[in-house]
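Student: Below is a structure I'd like to ask you about.
The values are calculated or read from the model by the stated rules, or taken from the named source; none is laboratory data. These numbers come from a predicted model, not from an experiment. For neighbour counting, all protein chains shown are included, and Cβ atoms are generated from backbone atoms with ideal geometry for every residue, glycine included. Heads up: the accessible areas ignore ligands, DNA and RNA and are worked out on the full protein's heavy atoms, side chains in. Shrake-Rupley method; radii C 1.70, N 1.55, O 1.52, S 1.80 Å.
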Amino acid sequence: MPELPEMETYKNLLNEKLKGMLIKDVVINREKSINVPVSQFISDVTGTRIIEVERAAKQLIFRLDNGKSLLLHLMLGGLMYIGNEQDSPDRTKQIELVFEKNRLYFIGLRLGYLHLYNQTNLKVELADLGPDPLSEEFTYQRFEELVLSKKGMLKTTLVNQQFIAGIGNCYSDEICFYARLLPTRKFNKLEGSEVKSLYTSIQSVLKEAIRLGGYMEMKLFNSDSLTGGYNDNCMVYDREGEPCPRCKEQIKKEIISSRKMFFCLKCQK
């Protein structure tokens, strides 16, 4: 599932390609992927321009010039591709936004969605999200305050979107590895230096993943050379049985609360 770095990458690339573009038509091939009647969705979106694409945790917000917004959550298996009738993935497209020279295809939205909201309803929809770990407000002091109220394991707490918004299975493991902490450690058992290390690791891992384009392997468009660049740079995630890049011990995998967890028993404490 795409996490903060993947959606930040998509956001930046979409703004480069589609910001200010007129949506000439909308194609809905799966009604369950939207939240209003098809006729209303098409009527409210067609003829508008995308004034900005923003990110909220693992979601994207397409701000339209009529005051409404499209909220995208790719969930598990969801993808996007900017192409045209000659350059189109051989996949079922649930939704298509048609522009003058190209189309934005939404693919694999079996669990994901593209919902239409006015500004009031959008705020309600996003109200439960925790702080964005890359925002200016997410200071070390703020992180300390959040940690004081937590007793759960690092793994299950870091992926809780009401605690911190945007971190999922991949980056929670990478963050714990960089912090040299086992993902099974409890927040209320961390020492001050470990809390600081965890905060620093959240910042550094997410920023590096964004720099490399996240770990999603499918390009956003044909000439996209950025998306997916972090996939070969994961330290522990999905590396079961491989040598730890730090100490050469074999990387382990466990399942906890139905989530995969990758770590090194030797250099994570």
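Student: Taking amide hydrogens as modeled 1.01 Å from N in the peptide plane, which residues meet the under 5 Å criterion relative to ILE51, leaving out close sequence neighbours?
Tutor: Close amide H contacts, sequence-distant or interchain: GLY20, ARG63, LEU64, ASP65.
Student: Which of (1) 22.2, 87; (2) 19.7, 58; (3) 18.6, 60 is the computed Rg and Dmax of the Cα atoms in Å for the structure on display?
Tutor: Correct label, based on the coordinates given: (2).
Student: Along segment 179-189, what does the Karplus equation 6.51 cos²θ - 1.76 cosθ + 1.60 (θ = phi - 60°) give for ³J(HN,Hα), rounded to whole Hz, x for Gly and Pro?
Tutor: The phi angles translate into 7, 6, 10, 5, x, 8, 5, 8, 4, 6, 9 Hz.
Student: Mind putting a number on the dipole of the chain about its Cα centre? Charges go on the C-beta only, +1 for Lys and Arg and -1 for Asp and Glu, and I need it in Debye to the nearest 20.
Tutor: 740
Student: Additional query: Rank VAL38, ILE167, ILE51 by how far each Cα sits towards the positive end of the charge dipole of the chain (+1 on Lys, Arg Cβ; -1 on Asp, Glu Cβ) and give me just the farthest.
Tutor: ILE167
Student: Show that you can apply the helix-only estimate: for the chain, add -39,500 (n - 2.57) for every DSSP H stretch of four or more residues, divide by all residues, and state [θ] at 222 nm to the nearest 500.
Tutor: -8500 deg cm²/dmol
Student: Taking a 20 Å limit on the Cα-Cα distance, which of the listed pairs LYS155/LYS260; LYS58/LYS123; LYS93/LYS207; LYS24/LYS93; LYS19/LYS207 fall beyond it?
Tutor: Checking Cα-Cα distances, LYS93/LYS207; LYS19/LYS207 exceed 20 Å.
Student: What residue among THR120, ASN12, TYR199 has its Cα farthest toward the positive end of the dipole of the chain, where the charges are +1 on Lys, Arg and -1 on Asp, Glu, each on the Cβ?
Tutor: TYR199
Student: Given +1 on the Cβ of Lys and Arg, -1 on the Cβ of Asp and Glu, and no further charges, what dipole in debye does segment 1-76 carry about its Cα centre, rounded to the nearest 20?
Tutor: The calculated dipole for segment 1-76 is roughly 100 debye.
Student: Please report, as a whole percent, how much of the solvent-accessible surface of the chain comes from carbon and sulfur atoms (probe radius 1.4 Å).
Tutor: Here carbon and sulfur together make up 46 percent of the probe-accessible area.
Student: Hey, another quick one. Please give me the summed charge of the neighbours of MET1: other residues whose Cβ is under 14 Å from its Cβ, Lys and Arg +1, Asp and Glu -1.
Tutor: -1
Student: Working out 0.36 nm times the residue gap between ASN160 and VAL38, then minus their Cα-Cα distance, what length gain in nm do you get to one decimal?
Tutor: That pair, ASN160 and VAL38, stretches by 40.7 nm at full extension.
Student: Please give the per residue accessible area of the chain, computed with a probe of 1.4 Å over protein heavy atoms only, in Å².
Tutor: Per-residue accessible area for the chain comes out at 47 Å².
Student: Report the one residue of PRO183, VAL27, VAL236 whose Cα lies farthest in the direction of the positive end of the charge dipole of the chain (charges on C-beta: Lys and Arg +1, Asp and Glu -1; origin at the Cα centre).
Tutor: Of PRO183, VAL27, VAL236, it is PRO183.
Student: May I ask for the distance between the Cα centers of segment 1-72 and segment 170-206, given as a whole number of Å?
Tutor: If you average the Cα positions of each part, the centres end up 34 Å apart.
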